[in-house]
Amino acid sequence: MQAEKLVVIGQGYVGLPLAVRGVEAGFDVVGIDLDTSRIKRLSAGESFIEDISSTRLAAALATGRYLPTTDYGDARDFDVCVISVPTPLRDGAPDLSYVEQAGIALAPHIRPGCTVILESTTYPGTTEELLCPLLMQGSGLRSPEDFHVGYSPERIDPGNSIWRLENTPKVVSGIDAMALAKVDAFYRRIVDRTVTVDSTRVAELTKLIENTYRQVNIALVNELTVLAHQLDVNVWQAIDAAATKPFGFMAFRPGPGVGGHCLPIDPCYLSWQVKRTLNRQFRFVELASDINHSMPQHVANRIMAGLNQRGRSMKDAQLLLLGLAYKKNTGDMRDSPAVDVAAELAKLGARIRAVEPYAELGHIPPGVTLVNLTEKEVRTADAVVVVTDHDTLDYDLVTDSASYVFDTRNRCTGPNVERL
Ligand SMILES: NC(=O)c1ccc[n+]([C@@H]2O[C@H](COP(=O)([O-])OP(=O)(O)OC[C@H]3O[C@@H](n4cnc5c(N)ncnc54)[C@H](O)[C@@H]3O)[C@@H](O)[C@H]2O)c1
C-alpha cells in the first residue's frame, strides 16, 4: 500500500524534527524550504539542529521516504501538509508574510480530502481569517466542504532531551469537527498524546498563554533579583527554598534577559491583537517585556561596579563572556540577550572575547572575538561573565583561575564570584 504523503513547509527548528519523525512514523515526507543552502545540507545528510543528529537524518534519507527540496511542485498529491515557517515581528507588529507566501505557493497543490495544518505561532484568528481564505482562493476549492484546515501549536524545546516532540502532548484543533478529526488522527501517528480543543482560535491562544506565562514569571524574578541585590538578600537561595513547596509554586530563574524566537516575540502577538481589536493595553505583557529588556543594561552596570570595587575601570577592560546562545546547550543566537550584554559592555569601552562552543562563525556579534576556554584566557580577563551556562564548559577552571567572575546563572561558587 502506498504510504500517505506528508509535506512539511519550513525545515527549521520546528519543521525538521517533524519531517524526520514523519518518516519514522511511515509517511512519505517532502520537506520544503526556500533556503537552498539548508536544503543542500539536509540532502547531504548534514543536520544543523542539535535535536536531530546527522545519524538520524541519514537514516531518514536512507529510507527513500524523505525528500528535502526547494520546489513546491514536489508537494503534488499530498495528504497532509504542515506549515512551520517563521512568524517574526516587524516594527512591533506580527509579520505573517512567510505564512502568506507558503499558503499561496501550496494552494495550487490542494485537492479534495487533503488536510493543511498551521504550526507557526500566531495570534488567535490567523488560521481561519488569513490562511484558509488564501488556500481556498489559490485552489478553487472550499473548506470545510472540500479540504480540511487546522492549527496545532508547536511545543518543541530545543536541547531538551527529556521532553521531545513525540512525548510532549500536542494540542490539536480544526475549523470544524471533521477537520479536527483529521488533524487529531495525523498527530496520533506522530506523538504519544494529543489534546483536542474546540477551535483553532483556542489552540492559537494556548501557545501564546504558555509563552506569556514564562515571559511574565521570568520578568517577576528578574525584577526581584535587581531589588534583592539592593536589599542584600540572596534571591537564588530564596527561589530554591520556595521551590520546595510541593504545590502552588513553580520556580523560574533570573538571567541576563530573554531571547530566542518565542519568548521576546510571542507575547507581543497577543498584546498587538488586544490593542488592534479592543484598543486596550495588555499591561502584564508590556511590563514584563520592559523589565526583561532592561536586564542586559543592568548586567553591564553590575559588572562596571564590580570592576570599580577592584580598582579597575570598564574602559579598556578585557572581558571574557561565557556562552552567547540564548539557551544553554544550544547554538541558537536568535535575539540572544548575550548580544545585548556584549553591546552594552562595548558601549562602555570594554574589549570583549567570548567562548561559545556551539556557535556558527557567521553569527558572532560584531566586535566580539571568539576564543577557546583556556586557563590563559581566564587569567588574562579582568572579568569572566557567565552569560549562558552550557553544561560542557569547565566552571572549575573558571573559578580556579579568574580574578573576578560575574555569574548571571548561579553556576559558580567561590570568593571571586559575584552573582546577578
Ligand atoms: N524554535 C522553537 O523553539 C519554536 C518553538 C515553538 C514554536 N515555534 C514557532 O514555529 C515557527 C517556525 O519556527 P522555527 O524555529 O522552526 O524557524 P526557523 O527559522 O528555524 O525555520 C523556518 C524555516 O522556514 C523557511 N521558510 C521561510 N519561508 C518559507 C516559505 N515561504 N516556504 C518554505 N520555507 C520557508 C526558512 O528558510 C527556515 O528554514 C515560528 O512561528 C515559531 O514561532 C518555534
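The values are calculated or read from the model by the stated rules, or taken from the named source; none is laboratory data. No experiment lies behind these values; they were computed from the predicted model shown. Cβ sites come from the backbone with ideal geometry, for glycine too, and all protein chains shown count toward neighbours.
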Practice problem: Sort out which residues of the range 82-117 are within 9 Å of the ligand (Cβ to nearest atom) and under 18 Å from the mean Cα position of the chain (by Cα), and write them in order of number. | Solution: I83, S84, V85, P86, T87, P88, Y98, V99
Quiz prompt | Matching residues, the range 150-171, being free of Cβ contacts under 8 Å to residues at least 40 places away in the same chain and more than 15 Å from the ligand (Cβ to nearest atom) | solution = I162, N167
Quiz item: Looking at I32, I49, which one is within 12 Å of the ligand (Cβ to nearest atom), at pLDDT below 95 and buried (at least 16 other Cβ atoms within 10 Å of the Cβ)?
Solution: I49
Practice problem: Working only within the range 154-169, note down all residues that are crowded, with 17+ Cβ neighbours inside 10 Å and either farther than 28 Å from D391 by Cβ or aliphatic (A, V, I, L, M) (or both). | Solution: I156, L165
Quiz item: Would the range 172-183 turn up any residue that is assigned to a loop (DSSP other than H, G, I, E, B), away from the ligand (no atom under 12 Å from the Cβ) and at pLDDT 95 or above?
Solution: yes
Quiz item: Where in the range 345-388 are the strands (runs of 3 or more DSSP E), entirely inside, with at least 1 residues that are modelled with pLDDT under 95?
Solution: 368-370
Exercise. Determine which member of the set R253, R276, R334, R280 is within 22 Å of V405 (Cα to Cα), surrounded by fewer than 19 Cβ atoms within 10 Å (Cβ to Cβ) and among the charged types (D, E, K, R).
Key: R253
Quiz prompt | Meets criteria (buried (at least 18 other Cβ atoms within 10 Å of the Cβ), out of contact with any Ser or Thr (no Cβ under 7 Å at 6 or more places or on another chain) and either in contact (Cβ under 8 Å) with a residue 12 or more places away in the chain or assigned by TED's automatic domain parsing to the domain that holds C114 (or both)) for E210 | solution = no
Quiz item: From the set of residues in the range 108-121 that are in a loop (DSSP other than H, G, I, E, B) and touching a Cys at 6+ places or on another chain (Cβ under 8 Å), which is farthest from M178 (Cα to Cα)?
Solution: T121
Quiz item: Can you tell me which residues in the range 197-253 are out of contact with any strand residue (DSSP E or B) (no Cβ under 7 Å at 6 or more places or on another chain), acidic (D, E) and either closer than 18 Å to P169 by Cβ or in a helix (DSSP H, G or I) (or both)?
Solution: D198, E210, E223, D240
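Residues are listed down the side, and each one gets a yes or a no for (1) touching a residue at least 40 places away in the same chain (Cβ under 8 Å); (2) on the phi < 0 side of the Ramachandran plot:
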| position | (1), (2) |
| --- | --- |
| G306 | yes, yes |
| S313 | no, yes |
| L320 | yes, yes |
| L324 | yes, yes |
| N329 | yes, no |
| S336 | yes, yes |
| D340 | yes, yes |
| A346 | no, yes |
Quiz item: If you go through the range 308-327 one residue at a time, do you hit one that is away from the ligand (no atom under 16 Å from the Cβ), over 19 Å from the mean Cα position of the chain (by Cα), assigned to a helix (DSSP H, G or I) and outside the structural domain of G12 (by TED's automatic domain parsing)?
Solution: yes
Practice problem: Look at the range 61-81 and say how many of its residues are under 24 Å from the mean Cα position of the chain (by Cα) and away from the ligand (no atom under 13 Å from the Cβ). | Solution: 0
Quiz item: Taking the stated definitions as given, is T399 in a helix (DSSP H, G or I) and of a type in the set (S, T, Y)?
Solution: yes
Self-check item: Residue tally, condition touching a Lys or Arg at 6+ places or on another chain (Cβ under 9 Å) and surrounded by fewer than 21 Cβ atoms within 10 Å (Cβ to Cβ), over the range 79-107
Solution: 3
Practice problem: Check off (1) over 20 Å from E50 (Cβ atoms); (2) at pLDDT below 95 for V398 and give me the number that stays unchecked. | Solution: (2)
Quiz item: Would you say I39 is within 24 Å of the chain's Cα centre (by Cα) and closer than 30 Å to A181 by Cβ?
Solution: no
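Quick check on this structure: which one of P144, P124, P133 is part of a loop (DSSP other than H, G, I, E, B) and within 17 Å of C81 (Cα to Cα)?
P144
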Practice problem: Return only the number of the condition from (1) away from the ligand (no atom under 16 Å from the Cβ); (2) not assigned by TED's automatic domain parsing to the domain that holds D340 that P264 does not satisfy. | Solution: (1)
